[in-house]
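The values are calculated or read from the model by the stated rules, or taken from the named source; none is laboratory data. Quantities reported herein were computed from a predicted structural model and do not represent experimental measurements. Glycine also receives a Cβ, built like all others from the backbone with ideal geometry; neighbour counts cover every protein chain displayed. These area figures cover heavy atoms from the full protein model, side chains too; ligands, DNA and RNA do not enter into them. Shrake-Rupley method; radii C 1.70, N 1.55, O 1.52, S 1.80 Å.
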Amino acid sequence: MRLKRKDLLGIEDLTRDELELILSTAASFKEVSEREIKKVPTLRGKTVINLFYEPSTRTRTSFEIAAKRMSADAVNISVSTSSVVKGETLRDTARNLEAMRPDCIVVRHASSGTPHMLAGFVGCSVVNAGDGAHEHPSQALLDMLTVKEKKGTLAGLKIAIVGDIAHSRVARSNIYGFTKMGSEVTVAGPPTMLPAGIEKLGCKVTSNVEDALKGTDVIMMLRIQMERQSESFFPTVREYSRVYGLDETKLKRAKDDVIILHPGPINRGVEISSEVADGPYSLILDQVTNGVAVRMAIFYLLLGTAKEEQQIQAGKV
Amino acid sequence: MRLKRKDLLGIEDLTRDELELILSTAASFKEVSEREIKKVPTLRGKTVINLFYEPSTRTRTSFEIAAKRMSADAVNISVSTSSVVKGETLRDTARNLEAMRPDCIVVRHASSGTPHMLAGFVGCSVVNAGDGAHEHPSQALLDMLTVKEKKGTLAGLKIAIVGDIAHSRVARSNIYGFTKMGSEVTVAGPPTMLPAGIEKLGCKVTSNVEDALKGTDVIMMLRIQMERQSESFFPTVREYSRVYGLDETKLKRAKDDVIILHPGPINRGVEISSEVADGPYSLILDQVTNGVAVRMAIFYLLLGTAKEEQQIQAGKV
Amino acid sequence: MRLKRKDLLGIEDLTRDELELILSTAASFKEVSEREIKKVPTLRGKTVINLFYEPSTRTRTSFEIAAKRMSADAVNISVSTSSVVKGETLRDTARNLEAMRPDCIVVRHASSGTPHMLAGFVGCSVVNAGDGAHEHPSQALLDMLTVKEKKGTLAGLKIAIVGDIAHSRVARSNIYGFTKMGSEVTVAGPPTMLPAGIEKLGCKVTSNVEDALKGTDVIMMLRIQMERQSESFFPTVREYSRVYGLDETKLKRAKDDVIILHPGPINRGVEISSEVADGPYSLILDQVTNGVAVRMAIFYLLLGTAKEEQQIQAGKV
């Protein structure tokens, strides 16, 4: 099976079947990174360009490692050191890159919708590695994989997403993803960080984090952008931490077998206490490991050929 | 066949036979980038260092992709983040890199002649990826390949190169290249951008762009460095565009089957109108595609071994 | 044989047997870089992350080339463009990288002890590529290899290390290494650059460089950090050069078959004259070549598997 689409731009676009296909494929690729020889020849001769308009070592490194473990060639372009500063339009950048015949462009950009525009400009695959406050689909997929591994299913689970919902592409992609898979999602945060109308995405909304945590199966804490404090979305870091941060006291409101996610990098003592981040319920590092597997699956499902598909099915890879 | 030279430093040095060898080799490698598996094992175990003292995402990416499609290992060094800032001389940098046994150093530098100096310091191959206002040979080769593909031959063609001739390594390399191949080259631009004595390279010179375009087979528009405006080489961007920019009106002076080139990135509405850049005569994106093929050919012709040559001739690659 | 340790953090930790194992393995890998196809499949499917918190083109390039010649995948992270600036702790960075399942993290950091902390946080191998003024073990190993190649043995040799001993990780690693191998090490420099108690590492100390050079087999000149001059460790560059710089006059005090090392990049005319740096006793470029071989050996001895070991022993690689 392959994804019957050229691009992976957001979770909003994907069907439940597509989500399940990506998650099951990722689960099967996860084992590759545990081998002595962490590499399959599946995407040999494919070219992946990582086009990052915002710095993000973690995400870029994860995509780069995923590409290399699939035997693809990875080329990194970070835009601060790029000809794009010369004022070239996105369309021209896109079509010029396409003319070098990449198979996939992975793009991170501060403006919502950039990957979609890019995808319209080029014939090759485009993967959204985070666009503004819009979507970060590979992050949501790795979150879903992490929960599914632990809980067996996503259907019927209660998921609480806590923090700056308004500015979070991670929250948005996860709301789409988990609700499609049958989970019940509640978002919580300071009123200034809860965007109007977010409940239309199918989630519950509350500014009372203790309500959100009550009886929940999964807690996803979002990163507070410390540099946004001056915009006064919240009074002080200490105040934010006291009211909205996850510590062992608040954790008691959740189910006994709750699991805790965070997209990283964490601000210890701000949105999450060190005891909780490093405690037995935290799956923060599993998320990172699953990130590589999810990205291998995305590359495979977008770029793999029929021939390779047969080899995979025949267990030859 | 191989190039019987260690380095590719400029078009000025090359014979017509050498130009033809590179162009025909590039034409044969072009197909590799259109395959499902865009990779040949030809240069496996070779090391290519991209040493860029000026940022240039496009050119660096093109060389990097070309190296990887030939199965060479590519190592990028961009000098802003480099120990070269510690004040090391070019000679010491060169000899230190050489001591790591690369097979080829691709160098971009703001000073004319740097690649030639570098080539004198090292035993490995050196490829000039642009030096000051001097030469940019791989650009001229991809331009020639693009014209040859469309016109069948370069002999007898009329070529107009329009813009800031004085500061353009692209113009200079193309004047050398096209005149050697039997084309008739005319350069045009504001008098302040026409260097004294440029006609000694074998081209005609005019400050009347409409004269230059009259009956021409190929128009090559050069990029205006917007940041140079303060140096008052031209009064205003609007004025430059009106007099020297290529639009559909001026285009009518050329032959009916004219083709249009631009080294990119383009300034839309400055040296070229969007209608023309995106119109049916523009081969700007073909140039980018041909850039990868030309650079694969350059690596092959400089680094390939006799054994690999036989395999190529036997059709085994 | 493999190193029976997870990490290579410093020469201080290594036994003489371990030093000899690394040196003999490096000597055997040196030949790979002289082949037409400079690559062995030994570490295919291994992932090496170069995590550089200080820029160092030379060292990063050497590790990257070494990894690629062993067929490992190399991923570069330079921290100025990194999420680490977001305030993540070293422990979190380390454990997040580890979660992507690299086989080795090569780390350069301005603070002494960072590689050791990192090694404690992760299960994969860690290689110290220079930590503050503490150690730079791969540099000392390439220095030892260079001397051993020329002199046949290190035992009984007189080694003079001259310059800013106090701030030099290169000096420290070399003092440990050469004394373990039975050499007699003397360090020399201005009194302000000789750290109290350095003789406890087993070397002699003098502020009289001419004494240090007398009858010596090996001279290792250290780089003067020109930017430190304002801290007034020495009065003027000219004065430093006159008293402590190596020129042909001072060189006469050494043995007739003396060899000269420098970790690079050299300040010509400051700590070493051009005549001496480029003269017949200088092995500065051999050091760079040996650097790649030493790093290939380090990767092999830390990451190679039993199966690969057998192949090496059977001469099949």
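Region B:153-185 and region C:164-178 have Cα centres separated by 57 Å.
With the gyration tensor restricted to C-alpha atoms of region C:84-178, the semi-axes of the equivalent ellipsoid amount to 31, 16, 8 Å, longest first. Placing A:ILE284, B:ILE37 in order of accessible area, with the largest value first and a 1.4 Å probe, yields B:ILE37, A:ILE284. Here region B:91-108 and region A:94-127 have alpha carbon centers that stand 34 Å from each other. Relative to the longest principal axis of the Cα atoms of chain A, the long axis of helix A:137-151 lies at roughly 60 degrees.
With the whole protein complex present, A:SER112 retains an accessible surface near 70 Å², based on a 1.4 Å probe. Once the Cα atoms are used to define both axes, helix B:284-303 deviates from the longest principal axis of chain B by about 30 degrees.
By the helix-only formula, in which each DSSP H run with n ≥ 4 contributes -39500 (n - 2.57) and the sum is divided by residues, chain C has a 222 nm mean residue ellipticity of -11000 deg cm²/dmol. The Kirkwood radius of region C:135-206, taken over pairs of alpha-carbon atoms, gives through the Stokes-Einstein law at 37 °C and 0.692 mPa s a diffusion coefficient of 272 µm² s⁻¹.
Residues A:LYS250, B:LYS200, A:LYS148, A:LYS204, ordered by accessible area of protein heavy atoms at a 1.4 angstrom probe radius and largest first, appear as B:LYS200, A:LYS204, A:LYS148, A:LYS250. Accessible surface buried by the B/A pair amounts to about 2500 Å², both sides summed, 1.4 Å probe.
Apolar share of the accessible surface for region A:259-302: 50 percent from carbon plus sulfur atoms, 1.4 Å probe. Between copies, the label points of C:ARG35, set 7 Å from Cα on the Cα→Cβ line, lie 2.2, 2.2 nm apart, reported in increasing order to one decimal in nanometres. A simple spin-label model places the labels of A:GLU149 and C:LYS4 3.4 nm from each other, with each point 7 Å out along Cα-to-Cβ.
Taking all pairs of distinct Cα atoms, average 1/r, flip it, and tell me the Kirkwood hydrodynamic radius of region C:1-103 in Å to one decimal place. Before the final figure, lay out the partial values.
Values: mean 1/r = 0.0635 Å⁻¹.
For region C:1-103, inverting the mean 1/r across all distinct Cα pairs yields 15.7 Å.
Region B:237-304 and region C:6-29 have Cα centres spaced 56 Å apart. In the context of the full protein assembly, C:THR289 retains an accessible surface of approximately 10 Å², using a probe radius of 1.4 Å and ignoring ligands and nucleic acids.
Rolling a 1.4 Å probe across all protein chains gives A:LEU285 an accessible area of roughly 50 Å².
Pairs from the table (A:LYS6/C:LYS46; B:LYS39/C:LYS39; C:LYS180/C:LYS200) lying more than 19 angstrom apart at Cα are A:LYS6/C:LYS46. How would the protein assembly as shown be classified by its alpha-carbon gyration tensor: rounded, prolate or oblate, with rounded meaning a/c under 1.5 and the a/b versus b/c comparison settling the rest? Taking the square roots of the gyration eigenvalues as a ≥ b ≥ c, the protein assembly as shown is oblate. The angle separating the long axis of helix C:169-180 from the principal Cα axis of greatest extent in chain C is about 90 degrees.
Do me a favour and compute the ellipsoid semi-axes for chain A from its Cα gyration tensor, root of five times each eigenvalue, largest one first, whole Å.
Numbers: eigenvalues 213, 109, 57 Å².
Result for chain A: semi-axes of 33, 23, 17 Å.
Projecting the alpha carbon convex hull of region A:105-249 along each direction and taking the average yields 9.5 nm².
Sorted by accessible area with a 1.4 angstrom probe, largest first, how do A:GLU34, C:GLU20 fall?
In descending accessible area the options line up as A:GLU34, C:GLU20.
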